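Q: Before anything else, here's the structure in question.
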Amino acid sequence: MRRLGLSMVLALAVLAPGCSSSPVNLTPGAMPSAKPTVTPSSKPTATPSPKPTATPSVKPTATPSVKPTATPSPKPTATPSPTPRPDRNFKVLYDFKTNEAPYGGVTALNGSLYGSFYEVKGYGAGVYVLNASGAERVLNANFLFTGEPTAINGLLYLIGYVGNLDNASAGLYSMTPSGSSKLISSFSGVPVFTMPVGKLISVDGTLYATDLGDNTDAEDESNFGSEYAVSPTGTSSVLYHFTGSNAGEYPAAGLLYWNGNLYGTTSCYQAYYENYDCGGSVFSLTLAGTETTLYQFKVADDGLGPFSSLIYLHGLLYGTTAIGGRGNGTVFAISPSGAEHVVYAFKGEPDGSEPMANLTAVGDALYGTTVNGGANGLGTIFRVSTSGTEEVVHSFSQADGAHPYSGLIYQGGMLYGTTTGGGAAGSGTVFQRKL
């Protein structure tokens, strides 16, 4: 097996009136008393009339006028951005340890959640189970690498690799809820099964698996991915092999079965980044292996790079593209005949950015995750209507996880999923979000 590099917080001043002057009190001068003059008896002497003393007039003191003081206009105070309220409907069920990290999402079986993990050290990989209270237990760690487990008819099915890095072989395994595994089929045919992506699906007892292909080997430019079929008896065959032509390259998600046909997407990311000629495709596939390209993503405004599987709702197929739109990815809809339109184009922080997983329908609403964006730039859970009204349901904050690459499942009023980073050890989380 060739190793694959897996490749968002004045009071107004009023002056008192000026001082008023008190009136000046002047006392009028006293009039002198007239002394009588002794007059000889011959002629009396006339007594002159006294002249009145003039009382000076009082000039009023002018009260100075008070000039009004201009009241400065108050400066506007900036309103701080509101602190995001804690999401009381969100809960971390499990924090992965430093030597383990989730690969893909989870599947529900018998009231528990199952998923696969790989070790950061030692390359050991396996399957874990979480009970309703979040207690984790490793079921099986005997694999070099595993794809996502899928619950079918009471058992888990997954693609697993055994051996060593230089000489690993892939097989389809079944596993009981207690962890006992059994090899169903060793994949045969050319090319060699390289990288399992998405979940398996079952149609009339036949299991279908998607192989991403090998986009890291410059010497092998023909392995652009394949769709495999495994019969109930364990016989495997290549249902369709992508050749890098108009059918697209590198299917990065599992298949959808609807109305007698299989539907899927190709990410076509290598060609897109190299020459901008290919942004991915939506295709249909008959159970006999006849492929039809329904739509090719070519214009950035339309969306580029679908890494998600498709879901069916009200006559249309829905999926996501990781880039394009406004530059942050899209939710798109396409009819079974190939008529496509963008339902919503993500805006980036505080909105989501880069959706890379499948959508989940709950009633008439679509739920999904974005790897980046949100209030903290660490990814989101979002809800979007089929008419294009979108809302961020949860923004990841590092403590509760970061960068969810996988999609969600809905069980009993709850959404469940995983993040590849954040949490107590920085290794990722399993979470639930109540609706």
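Q: Regarding region 273-344, what's the average projected area of the Cα-atom convex hull, expressed in nm²?
A: Working: hull surface 20.5 nm².
The orientation-averaged projected area of the Cα hull of region 273-344 comes to 5.1 nm².
Q: Alpha carbons only, please: Rg and Dmax for region 392-435, in angstrom.
A: Cα-based Rg and Dmax for region 392-435 come out at 10.1, 29 Å.
Q: Let me ask something else. Sort 369-381, 140-152 by the packing proxy (mean of other Cβ within 10 Å over each peptide's residues), most packed first. Kindly include the intermediate steps, with their values, before the conclusion.
A: Working: 369-381: 25.2, 140-152: 22.0.
Per-residue mean Cβ counts within 10 Å order the peptides as 369-381, 140-152.
Q: Need one number for region 95-164: average projected area of the convex hull over its C-alpha atoms, nm². List each step's numbers first, then the result.
A: Values: hull surface 18.1 nm².
Mean projected area for region 95-164: 4.5 nm², to one decimal.
Q: Label region 318-365 by shape, choosing from rounded, prolate and oblate, from the square roots a ≥ b ≥ c of the eigenvalues of the Cα gyration tensor; if a/c is under 1.5 it is rounded, and otherwise prolate applies when a/b is larger than b/c, oblate when it is not. Don't jump to the answer; show the numbers that get you there.
A: Details: a/c = 2.20, a/b = 1.40, b/c = 1.57.
Since a/c reaches 1.5 but b/c is at least a/b, the shape of region 318-365 is classed as oblate.
Q: Here's a follow-up. Using the reciprocal of the averaged 1/r over all distinct C-alpha pairs, how large is the Kirkwood radius of region 327-435 in Å? All intermediate terms of the calculation are to be shown ahead of the outcome.
A: On the way: mean 1/r = 0.0723 Å⁻¹.
13.8 Å is the Kirkwood radius here.
Read-outs: derived from the displayed coordinates by stated rules, not from any lab. Bear in mind the structure is a predicted one, so any value in this text is a computation, not a measurement. Please note: Cβ atoms are built from the backbone with ideal geometry, for glycine as well, and neighbour counts cover all protein chains shown.
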